[in-house]
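So the structure is just underneath, and the comments pick up after that.
The values are calculated or read from the model by the stated rules, or taken from the named source; none is laboratory data. What you are looking at is a predicted structure, and each value in this text was computed from that prediction instead of being measured. So basically every Cβ, Gly included, is an ideal-geometry build from the backbone, and we count neighbours across all protein chains shown. To get the accessible areas, we keep the full protein, side chains included, count just its heavy atoms, and leave off ligands, DNA and RNA. Shrake-Rupley method; radii C 1.70, N 1.55, O 1.52, S 1.80 Å.
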Amino acid sequence: MKFSDDRPGERYPLRTLTTKDGNMLAARQNNVSVATLALCLTVLSLSTACGVPDENQPSTDASETTRDVRCQQFESFSGQLTVGNPRPRRTGLVPLIPGENLPVRVLPSLDSVELEGTPDGEIVTFKLGGDGSVGWSARFVQMPLLRGTDGAVQISGSCILQIDLTSVDSNQVSEIPGRPIRITPDGDASAVVEVLSYPSSDSVAQSFAGTRSSTPKVTVDTSIDNRVITVAITH
């Protein structure tokens, strides 16, 4: 940067500043104006060299981190399993015999939830008892919520698989009433981080499985003979 020669006859001679890129800036020859102009040029030069961050543009590191931990599965499964020997349902309007009471509805029971390791991952097994028809569904959820509440389920994992069994009563008893039973695998390299199994409410038993991978594979099978619903989860 350099100053051009003063113009004679002026009380405050006009000086011209030339930058390295050829831009011309003018200022009167008073100390305040020249100093201010030099400071502005210094700030402009630093801003151009370093770059001014765009607040609306997220950083690459933040985007990569979010993408790595976000669940990429959105599958859902559903079906029905008949266990035992359920009573035949009455069809149509059948009048009651005087003195006869309607039979008390007895639901199948969820006796236990077990987690077993396999060479490829884990299997969550729901063991059922009693007689009747059990509806089941399994789906990946972004925000796991317990049925009938607004509170989020606190569970670890990249993906959360919600498993609902309907028309069942739970026989599971946790150490703290109303709290879920927490099941964890043996190894740190497992496909499942943890499983939370809640007691039934209004004939619905809910369980949640947190997976280690963001792209887990799920296979659901049922067995009438063994009275089980199995959910296989692999990496």
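Going highest first, how would you order 222-232, 120-130, 75-85 by mean Cβ packing within 10 Å? Kindly include the intermediate steps, with their values, before the conclusion.
Numbers: 222-232: 16.2, 120-130: 19.9, 75-85: 13.8.
Peptide ranking by packing, descending: 120-130, 222-232, 75-85.
Any idea how far apart residue 72 and residue 141 come out in nm if each label point goes 7 Å out from Cα toward Cβ?
2.4
Please give me the summed charge of the neighbours of residue 122: other residues whose Cβ is under 12 Å from its Cβ, Lys and Arg +1, Asp and Glu -1.
Once positives and negatives cancel, what remains is -3.
Give me the three principal axis extents of region 81-235 from the C-alpha atoms, as integers in angstrom, largest value leading.
Principal-axis extents of region 81-235 (Cα, largest first): 64, 35, 28 Å.
If each residue of separation counts as 0.36 nm, what is the full-extension length gain between residue 203 and residue 173 once their alpha-carbon separation is subtracted?
Here the answer is 9.2 nm.
What's the extension gain from residue 220 to residue 131 if we count 0.36 nm per residue and subtract their Cα-Cα distance?
Length difference between fully extended and current span is 29.9 nm.
Normalised by the empirical 2.2 N^0.38 Å for globular proteins, what value does the Cα Rg of region 186-230 take? Don't jump to the answer; show the numbers that get you there.
Details: Rg = 13.3 Å, N = 45, 2.2 N^0.38 = 9.3 Å.
Here the answer is 1.42, to two decimals.
Which whole-number value in Å² is the accessible area per residue of region 86-235, probe 1.4 Å? Intermediate results must be reported in sequence, preceding the final value.
Details: 8620 Å² over 150 residues.
Spelled out: the 1.4 Å probe surface of region 86-235, per residue, equals 57 Å².
For residue 182 and residue 97, what does the FRET efficiency come to when R0 = 41 Å and r is the distance between their Cβ atoms, rounded to the nearest 0.05?
0.25
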